[in-house]
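Okay, structure first, notes after.
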Amino acid sequence: MIVNKSKVYQHMVAKTDPKRSGRYLSLADHLEDTAAVADYLVRTWVSESIYQSVGFEKEEFRRIIIFLAWTHDLGKASSAFQARISEAFPEV
């Protein structure tokens, strides 16, 4: 899954490091990382009985899980969240 890595998305903050001022993880990178981990877990850890019990083929289940992982923090793209981060970490 590819995130539009325009300047705007790269400057939206998802995570900060309270111990090291100015260090942060962009929202685009955070969503990409989360989706990649979810994909890995579905491919290597989730048993066939799990996705079959909810009525999906493995590939369909994998795509749904990746989508949910990728979208889990889209609210962080809101101006309200970004303003809170900016107040707490003005150097970001």
message = List the residue pairs whose Cβ atoms are under 9 Å apart, where the first residue sits in region 70-92 and is farther than 12 Å from MET12 by Cβ, the second is open to solvent by 80 Å² or more (accessible area, probe 1.4 Å) and of a type in the set (Gly, Ala, Ser), and the two are 6 or more positions apart or on different chains.
response = PHE89/SER21; GLU91/SER21
message = Condition first: closer than 30 Å to GLU57 by Cα and among the acidic types (Asp, Glu). Now tell me which residues in region 12-42 satisfy that.
response = ASP29, GLU32, ASP33, ASP39
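Residue-wise test of (1) outside any helix (DSSP H, G or I); (2) in contact with a Phe, Trp or Tyr (Cβ under 6 Å, 6 or more places away or on another chain); (3) under 28 Å from PHE89 (Cβ atoms).
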{"position": "GLY22", "(1), (2), (3)": "yes, no, yes"}
{"position": "LEU25", "(1), (2), (3)": "yes, no, yes"}
{"position": "ASP29", "(1), (2), (3)": "no, no, yes"}
{"position": "GLU32", "(1), (2), (3)": "no, no, yes"}
{"position": "ASP39", "(1), (2), (3)": "no, no, no"}
{"position": "TYR51", "(1), (2), (3)": "no, yes, no"}
{"position": "GLY55", "(1), (2), (3)": "yes, no, no"}
{"position": "GLU60", "(1), (2), (3)": "no, no, no"}
{"position": "ILE64", "(1), (2), (3)": "no, no, no"}
remark   = When region 30-55 is checked residue by residue, the ones that are of a type outside the set (Gly, Ala, Ser) and open to solvent by 50 Å² or more (accessible area, probe 1.4 Å) are ASP33, VAL37, TYR40, LEU41, ARG43, THR44, TRP45, GLU48, ILE50, GLN52, VAL54
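The values are calculated or read from the model by the stated rules, or taken from the named source; none is laboratory data. Predicted, not measured: the structure shown is a model, and the values here were computed from it. FYI the Cβ positions are ideal-geometry reconstructions off the backbone, even for glycines, and counts take in every protein chain you see. The protein model used for the area step is the full one, side chains on, heavy atoms only, and it has no ligands, DNA or RNA in it. Shrake-Rupley method; radii C 1.70, N 1.55, O 1.52, S 1.80 Å.
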